[in-house]
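Worksheet for the structure shown next.
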Amino acid sequence: MRGYLFKRLAQIVITFFLFLSAIFFLVDAQPGDYGNVFYSNPRLTPEQRQQLKANLGLDQPTWVRYTKWMSSFLQGDLGISFSNYPRPVIDVIAERAPRTIVLFMSATVVSFYFGFMAGKLLAWNRGGLVEYASTIGGVSLYTVFTPWFALIMIWVFAFRLGWFPIGKFIEPTAWIGAPTEVNDVFIRLIFTALIASVLLFTLLVSVGRLNTNQRRPATWIGMAVIAAGALIYWLNTGLGVYALDILWHLTLPIITLALISFAGSMLLTRNSMLETLREDYVLAARAKGISEKAIRDRHAARNAMLPVVTSFVFSLAFAIDGGVITETVFSWPGMGRTLLTAANAEDIPMVLGALVFTGTLALTAHLVADILYAYLDPRIRYA
Amino acid sequence: MTEPLLQVENLTMHYTTRAGELSAVDNVSFSLKKGEALGLVGESGCGKTSVALTVLKLLPENGYIKEGKIIVNGKDIVPYTEQEMRKVRWGEISMVFQAAMNALNPVYRVGDQIIEALEEHQPQMTNKEMKQKVTELFELVGLESALMDRFPHEFSGGMRQRAVIAMALSCGPDMIIADEPTTALDVIVQDSLLKEMREFQDQLGMAMIYISHDVGVIAEVSDRVGVMYAGRLAEMGTAEEIFHDPIHPYTMALMSSFPSTVGEKTDLVLLPGEPPDLLNPPTGCRFHPRCPYATDVCKEEQPEFKEHSPGHLAACWHPRGEQS
Amino acid sequence: MAETTITGSDLVKPDSLWRIRLRLSWQAFKKNAALFAENPVGLIGFAIILIFMLMAVAHPILINTVWDPVIYDPVTGIDITIPFHPSPPSPTHLLGTDSFGRDVLSQLMFSTASEFALGAVAAIVTVLIATTIGAVAAYYGGIIDTIFMRFADLVVMTPFVTLLIVLSTLFEVGMIELAIIIGLLGGFGSTTIIIKSQALTVKVRTYIEAARIAGGGDARIIFRHIIPNLLPLSFLYMMFTVTSAIFSEAVLSFFGLLNIRMSWGLMIFTTQFSGYLLDFEKWWLIYPASVAITAMCAAFYLVGRGIDEIINPRLRRR
């Protein structure tokens, strides 16, 4: 197990450096160089232009710039963003990355949970109209033109029904006179969620040791205690209203994203489950006289989960892909929109920074997937 | 004990396929007494495994029992619901599967997979008693009890097969169906495992059905032998009768292709032609296209599965190749 | 062994090898087509593709017969008889006009052909590269395999749309360039990994061993024995590539990043550009193009799933 993870870790570090080099040279290969935005000013004299070039370090050969960029990256310096001047790129990322991560993490967890359940039932009760209807419905949702779907969601739930705001991260008028910054409340929210999930996980693991008939009540009591703790904390700080404002803005994008990726995980689970249902151990479980529900959940679905979990983690890595689209439609100030604006403004340091963020996210996801996979599949754990 | 443990009467099982009805088991009857070992032998695809799956009603969704009775301990289980079948499965009849490697779920510890069956059938047992039971079972089949906390992939082929046998024994069934129990193993392991299985059977007084394409395996463990061809029973009798005095030409061919050295894996090479297509089986006796003694009557009429001497049955118009 | 009677005609005119091969593949095709036809999922996808093909074919005919190019040209046309654009659907403009007075239906139909071309080019590039690399990597293994697979990991790791956005802002990207980029990314990335794992299972089959013993060279074994067995899977991934190509084009055009004259994504960009994106009363500015993108992506995906159920025995019902 340890050897396996160590090997994967080494591979991932190497891949990360290859990725960094690849994006550097890719951006470097563009016509002209990243000073373009500045040189285009017609009032500059050729000397000034040269001076500017030297200041930006662009008069040096590629490999010198490459080593410079690499070494400053290793020191945690990604340069200054042109379009957010004079904020350092790393600062912009620190502000916006949590928003994207929270949005996609919640949407992905929700969609995979329901997608897994739906896919499981779909494979189990095969045939008939339900199968075709759900396949076609699922595929339509899976291939829907995302911006359009997001717009429909906004139209129905924000315009027509008025249940949710039309977009944006907060309602600025509600924050006039707020005792603290938006990000402060947001970070506290994240920590609440994190602590609650860790507690929930511990609860679920420890409940497994109890007898069958004690499990259910123990779970409910434990969850109630966690929820009460969170509630008391937010009531005490007096920031509850502001937190609710953020959550209210968060809901519709999460539902939209969850619906889009729900279909994908449902279809994947269905296929994976259809394959495990043909395995001999499922037949053996039936021969053992185990209840149908236990066969479905403990044997077929448990094994069908493996590829689904991998895809779950990878889809987190691709958050920025969906982020560009969803964040644009919902005017959500996250990394996806930052990347798009930076690319349009030719803010190269910011673009590179966003790509570095993406790569880091992707690789972390790969590592998490490896660990999870090893946890779920003993064939890897004890190899 | 006059009443047989298992009585199968005129069992016919069909698969509905894209190309039509496939009669995988056709009018098969046999019975099994307490403590008896019955061997079913035949080429692959002749319906041996289908018989096993039908007896436990573990058919895939396109398979169904067309007619016949399966009487287990005096009760016909054909009309049983899934819910009622769950008690029969493993409690009364358990099974050792063809590929033990695949019959164990790779993500659970081997011991837990046995406990799972115990939880279902003996819910009054405490966790501790179940562990104790698994330890006993492991010792019985010759595995170290510490292995119960290991995962299937850590076991060798022979160990896995032993674990699967331990699992089959766990709920104290009246009979075990062993479907090609040793085919995936090498010859030496195969031999010792078969001997041990025969010992458990005598020790625990269980009935067994051994299913194999390998005449050598069947010869080693069975009291009585049924020879299957194309979904039907061709012949049935004591092992002695089948091996030394076969009636059906198919059995005769099978025996002549069976080498004197026991245990070696053999193929049936002496028969011309191939096993028939069960979607479109030959008329009359299904063996007639390959039978050296076939006459017109064989092509037209299905021979009755009748007794030729007490306990020795065969379905043939020309027993022992005689032309009447 | 049954006796075979050798007739005269057999001796006189033996069938040439390619003819036998052709007949065998025709039989296989017929069998698979029959299997495909049994699956409503694949058939629905196929029907949608046919409708789009009709639209693509109909546009040049209409523009040369009933549609006056001055009014109906998808890019430069304008209907000056209507005082205010965008105008709602009417008998002359079945799907209305956009904010520049251009006919929406004409734009929709005009774009279909280029979407097909985009999908086809991307799919062919992907599959050519992925099949070759997959077969070669699986056959030789070792260092060649490692290099291509590590590279594939790198490509797979990179978010697709994000990379395309960056590329299209840094470089001038049109329809053909986009198709090739998507093809390359697919061909060196995920599709290769899948096809290679399939090639590994082909490689160990006995007829490959037999071909090697018979003295077949590496190239001959790869191209005559391994690759033909990968083609069904390659064909499946062609369908999925078409879906992702059309989707990517739509997204990039929606952001106004592509250097093209007209496409479904660009139609929605125009809507956004003119400020009608959230004006749902003017549904004809968003819905036709969006539905077309969704339907086309779904159609190829459904066909892909239909094929998947044929070539992947584990998904088959019986």
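The values are calculated or read from the model by the stated rules, or taken from the named source; none is laboratory data. Note that the structure is a prediction, hence the values are computed from the model and not measured. We place every Cβ from the backbone using ideal geometry, glycine too, and count neighbours over all the protein chains shown. Ligands, DNA and RNA are excluded from the accessible area calculation, which covers all protein heavy atoms including side chains. Shrake-Rupley method; radii C 1.70, N 1.55, O 1.52, S 1.80 Å.
Side notes on the structure shown:
- Matching residues, the stretch B:142-163, being on the phi < 0 side of the Ramachandran plot and more than 12 Å from chain A (Cβ to nearest Cβ): B:Leu143, B:Glu144, B:Ser145, B:Ala146, B:Leu147, B:Met148, B:Ser156, B:Gly157, B:Gly158, B:Met159, B:Gln161, B:Arg162
- Selection from the stretch A:116-147 of residues that are open to solvent by less than 40 Å² (accessible area, probe 1.4 Å), under 24 Å from the mean Cα position of the chain (by Cα) and farther than 24 Å from C:Val291 by Cα: A:Phe116, A:Ala118, A:Gly119, A:Lys120
- Candidate set: the stretch A:259-284, residues that are open to solvent by less than 10 Å² (accessible area, probe 1.4 Å) and among the small types (Gly, Ala, Ser); chosen: the one nearest to the other protein chains (Cβ to nearest Cβ): A:Ala284
- With a requirement of 3 or more residues that are within 14 Å of chain C (Cβ to nearest Cβ) and open to solvent by less than 40 Å² (accessible area, probe 1.4 Å), the helices (runs of 4 or more DSSP H) lying completely within the stretch A:1-113 that satisfy it span A:2-28.
Residue-wise test of (1) farther than 30 Å from C:Leu17 by Cα; (2) in a helix (DSSP H, G or I); (3) more than 14 Å from chain A (Cβ to nearest Cβ); (4) open to solvent by 20 Å² or more (accessible area, probe 1.4 Å).
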{"site": "C:Thr131", "(1), (2), (3), (4)": "no, yes, yes, no"}
{"site": "C:Gly134", "(1), (2), (3), (4)": "no, yes, yes, no"}
{"site": "C:Ile147", "(1), (2), (3), (4)": "yes, yes, no, yes"}
{"site": "C:Gly215", "(1), (2), (3), (4)": "no, no, yes, yes"}
{"site": "C:Ile222", "(1), (2), (3), (4)": "no, yes, yes, no"}
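- Scanning the stretch B:61-78 for residues that are open to solvent by 60 Å² or more (accessible area, probe 1.4 Å), of a type outside the set (Ser, Thr, Tyr) and within 14 Å of chain C (Cβ to nearest Cβ) yields a single hit, B:Glu61.
- Qualifying residue in the stretch A:285-298 (condition: farther than 20 Å from B:Leu53 by Cβ, touching a Lys or Arg at 6+ places or on another chain (Cβ under 9 Å) and more than 8 Å from every other protein chain (Cβ to nearest Cβ)): yes
- Residues within the stretch B:79-120 that are under 23 Å from the mean Cα position of the chain (by Cα), more than 8 Å from every other protein chain (Cβ to nearest Cβ) and of a type in the set (Asp, Glu), tallied: 2
Condition check ((1) in a helix (DSSP H, G or I); (2) among the hydrophobic types (A, V, I, L, M, F, W, C); (3) more than 11 Å from chain A (Cβ to nearest Cβ); (4) buried (at least 19 other Cβ atoms within 10 Å of the Cβ)) across all residues:
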{"site": "C:Leu230", "(1), (2), (3), (4)": "yes, yes, yes, yes"}
{"site": "C:Leu233", "(1), (2), (3), (4)": "yes, yes, yes, yes"}
{"site": "C:Arg261", "(1), (2), (3), (4)": "no, no, yes, no"}
{"site": "C:Ile268", "(1), (2), (3), (4)": "yes, yes, no, yes"}
{"site": "C:Thr271", "(1), (2), (3), (4)": "yes, no, no, yes"}
{"site": "C:Trp283", "(1), (2), (3), (4)": "yes, yes, no, no"}
{"site": "C:Pro288", "(1), (2), (3), (4)": "yes, no, no, yes"}
{"site": "C:Glu309", "(1), (2), (3), (4)": "yes, no, no, yes"}
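- For the stretch A:339-369, the set of residues classified as of a type in the set (Val, Ile, Thr), in contact (Cβ under 8 Å) with a residue 60 or more places away in the chain and within 11 Å of another protein chain (Cβ to nearest Cβ) consists of A:Thr341, A:Ile348, A:Val351, A:Thr360, listed by residue number.
- Within the stretch C:76-98, the set of residues being in a loop (DSSP other than H, G, I, E, B), of a type in the set (Ser, Thr, Tyr) and open to solvent by less than 30 Å² (accessible area, probe 1.4 Å) comprises C:Ser87 only.
- A:Val308 satisfies every condition listed in (1) modelled with pLDDT of 85 or more; (2) open to solvent by 10 Å² or more (accessible area, probe 1.4 Å) except (2).
- Entry remark, the stretch C:1-21: residues being modelled with pLDDT under 75 and of a type in the set (Lys, Arg) number 1 in total.
- Count of the stretch A:165-186 residues which are within 29 Å of C:Phe254 (Cβ to Cβ) and away from chain C (no Cβ under 14 Å): 6
- When the stretch B:146-164 is filtered for residues that are over 19 Å from B:Asp202 (Cα atoms), open to solvent by 20 Å² or more (accessible area, probe 1.4 Å), assigned to a helix (DSSP H, G or I) and not aliphatic (A, V, I, L, M), the ones remaining, listed by number, are B:Asp149, B:His153, B:Glu154, B:Gly157, B:Arg160.
- Matching residues, the stretch B:134-145, being assigned to a loop (DSSP other than H, G, I, E, B) and open to solvent by 40 Å² or more (accessible area, probe 1.4 Å): B:Gly142, B:Glu144
- Taking the criterion of being within 22 Å of the chain's Cα centre (by Cα) and at the interface with chain C (Cβ under 9 Å from one of its Cβ atoms), the residues of the stretch A:148-164 that qualify are A:Trp148, A:Phe149, A:Leu151, A:Ile154.
- Within the stretch C:247-259, being within 9 Å of chain A (Cβ to nearest Cβ) and either in contact (Cβ under 8 Å) with a residue 24 or more places away in the chain or surrounded by 22 or more Cβ atoms within 10 Å (Cβ to Cβ) (or both) holds for C:Phe247, C:Ala250, C:Val251, C:Phe254, C:Phe255, C:Leu257.
- Count - residues of the stretch A:329-349 that are touching a helix residue (DSSP H, G or I) at 6+ places or on another chain (Cβ under 7 Å) and open to solvent by less than 40 Å² (accessible area, probe 1.4 Å): 14
- Residue check, C:Leu24 open to solvent by 100 Å² or more (accessible area, probe 1.4 Å), modelled with pLDDT under 85 and not β-branched (Val, Ile, Thr): yes
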